[in-house]
Amino acid sequence: MTRGWKLISLVLSIALLVGLGCWRYPALRRVDGRSAAQWLAFAEQAGRTVSYHAEGATWANGQRAHFTLEQGRAGCYTLQTTDANGQRCTMGCDGHRLWYTNDQHAAKVVSAAPSSTTPAPVAGRILGTGELAGCSVVRLAVQSGDTWKEITVDRHTGVILAMTTQFRHRRISAMRVEKIAYRDVTVHPCTLPTAGALATATPAQVRKALGRDALQATWLPAGMQLAQIYQTVCCCGHQGMIVVRYSDGVSTLTLSQTANCPCEMGSGCLQAPSGHTLVAIRKVGAVRVIAVGPFDAGTMRKVLDSVR
Amino acid sequence: MRCPTSEELAAYQHVPLADRARMPLHRHVMHCAACRQELQALARTVQLLEALPAPVLPDALWAGVADRLPVRPRPAFWPGWGRLAAGAGVAVALALALFVPRLTTPLSVASSATSPYVADHALLSAQDTFADRTSVGVVLASQRSAP
């Protein structure tokens, strides 16, 4: 065998090994020199720094809707959805408060969590590349428990242009940007009244509401971390409801807690009308805990049983 | 050439006449009186044997032979069924693993009393880094205001 053939064989063998390695270990795949984790970090950063106007279609709960998004810097945005029945919802975030209001006169304000406290997703991999809304994109997948998301990211800006969410291999929502214009956007501050808002709670406020520290889960699904503790008013008007939010960057799990609330509510695990979200209720001493999250019944019961 | 043995002559005798001329033995037989005599004796023996009546075999002959044959083990019945049963068991287990979770009793649907908690959860989940905020908007569009 000549020296040239030996060199070609060596190069081909190395290429084969690298190819097999990338196939077996998706974390090794790269697009534009970025790994899946780097693309996800790029998309997370773009959510806070890139300003644009976008329009597109979304689907959730069996409803199709059109959306208009005004995304400003620092994670501020105003989003309006209009479904096929003409029902509208306007959501927004001004950097301090997250809010929504709809045609049914329902509204809520939440103290926005600082973006730096939002944990990174538990796992990600690169699915491939393509084109969407006139942009060159990279397709990524992230997993959180039984929730799997395919995220399509603009290769140049990092902006998320499409997202499909599956729960236990069943598609539960999908969105797709059809038009996007990168430009400066002004997001107005929230003007909704803050009565009944989910406001960040101090330890003293938690003890006053529950007569003890907030109950927390000692077992959580992989990747879930404590994100924020809020104080609000129960739907029956009872003051002093505490909400503990856990997140892994892909899904949220909440534990709403009240002590001596007049609401009658038995224990058990129930399915929310939205389908994939489960509601599990348990009484721990004088505190009633209502867990809500996109997990199966076994996981929800395990979380509730670990609450101390 | 030496005279052939009786076995060689018997083999020569069974060769068709047309083919015998090509055999080296043929030339020897043509010139050797002793061999010709031996051939004639063989031919007469064959004629005598062919004239004998065919022997009648006793009815019990096969039974006697069969008794002396070594017994070959019969293919086992249950091992075959056992393999089939094991295969069927694996198939049933796979089917159960795939379909039983879907056949289990679905959970009860939460009452409207839990609706505010689900709405709060939806709004809070909009803060997830990779939340689909547009689908949160669709879910919250149908949320009714608290009484």
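The single condition among (1) in contact with a strand residue (DSSP E or B) (Cβ under 8 Å, 6 or more places away or on another chain); (2) of a type in the set (Lys, Arg); (3) at pLDDT below 85 that residue B:133 does not satisfy is (3). Listed by position, the strands (runs of 3 or more DSSP E) enclosed by the range A:236-308 that each have at least 2 residues that are β-branched (Val, Ile, Thr) and facing chain B (nearest Cβ under 10 Å) are A:252-259, A:278-284, A:287-293.
Here residue A:158 fulfils each of the conditions (1) farther than 26 Å from residue A:73 by Cβ; (2) modelled with pLDDT of 90 or more; (3) small (Gly, Ala, Ser); (4) outside any strand (DSSP E or B) apart from (1). Filter the range B:93-130 down to the residues that are more than 7 Å from chain A (Cβ to nearest Cβ), under 23 Å from residue A:231 (Cα atoms) and surrounded by fewer than 24 Cβ atoms within 10 Å (Cβ to Cβ), then identify the one that is modelled with the lowest pLDDT. Top of the filtered list is B:112. Just one of the listed residues (A:292, A:250) is at pLDDT 90 or above and touching a His at 6+ places or on another chain (Cβ under 6 Å), and it is A:292. For the range A:161-192, a residue qualifies if it is in a loop (DSSP other than H, G, I, E, B), free of Cβ contacts under 8 Å to residues at least 40 places away in the same chain and closer than 23 Å to residue A:113 by Cα, and exactly one does: A:191.
The listed residues are B:52, B:39, and the only one of them that is more than 9 Å from chain A (Cβ to nearest Cβ), surrounded by 10 or more Cβ atoms within 10 Å (Cβ to Cβ) and at pLDDT 80 or above turns out to be B:39. Put simply, of A:289, A:279 the only residue that is surrounded by fewer than 24 Cβ atoms within 10 Å (Cβ to Cβ), β-branched (Val, Ile, Thr) and more than 23 Å from residue B:129 (Cβ to Cβ) is A:289.
Restricting attention to the range A:216-233, the residues that are over 16 Å from residue A:109 (Cβ atoms) and at the interface with another protein chain (Cβ under 9 Å from one of its Cβ atoms) add up to 1.
Among residues of the range A:83-96 being among the charged types (D, E, K, R) and crowded, with 19+ Cβ neighbours inside 10 Å, the one that is farthest from residue A:73 (Cα to Cα) is A:83. Can you tell me which condition residue A:269 does not meet? The list is (1) modelled with pLDDT of 90 or more; (2) in contact with a helix residue (DSSP H, G or I) (Cβ under 6 Å, 6 or more places away or on another chain), and all the others hold. All conditions pass for residue A:269, except number (1).
When the range A:232-245 is filtered for residues that are modelled with pLDDT under 95 and not β-branched (Val, Ile, Thr), the ones remaining, listed by number, are A:234, A:235, A:236, A:237, A:238, A:239, A:240, A:241. If only residues of the range A:155-202 that are within 30 Å of residue A:126 (Cβ to Cβ), among the polar types (S, T, N, Q) and in contact with a Ser or Thr (Cβ under 9 Å, 6 or more places away or on another chain) are counted, the one that is nearest to the other protein chains (Cβ to nearest Cβ) is A:173.
The values are calculated or read from the model by the stated rules, or taken from the named source; none is laboratory data. What you are looking at is a predicted structure, and each value in this text was computed from that prediction instead of being measured. Positions of Cβ are backbone-derived with ideal geometry, glycine not excepted, and every protein chain shown enters the neighbour counts.
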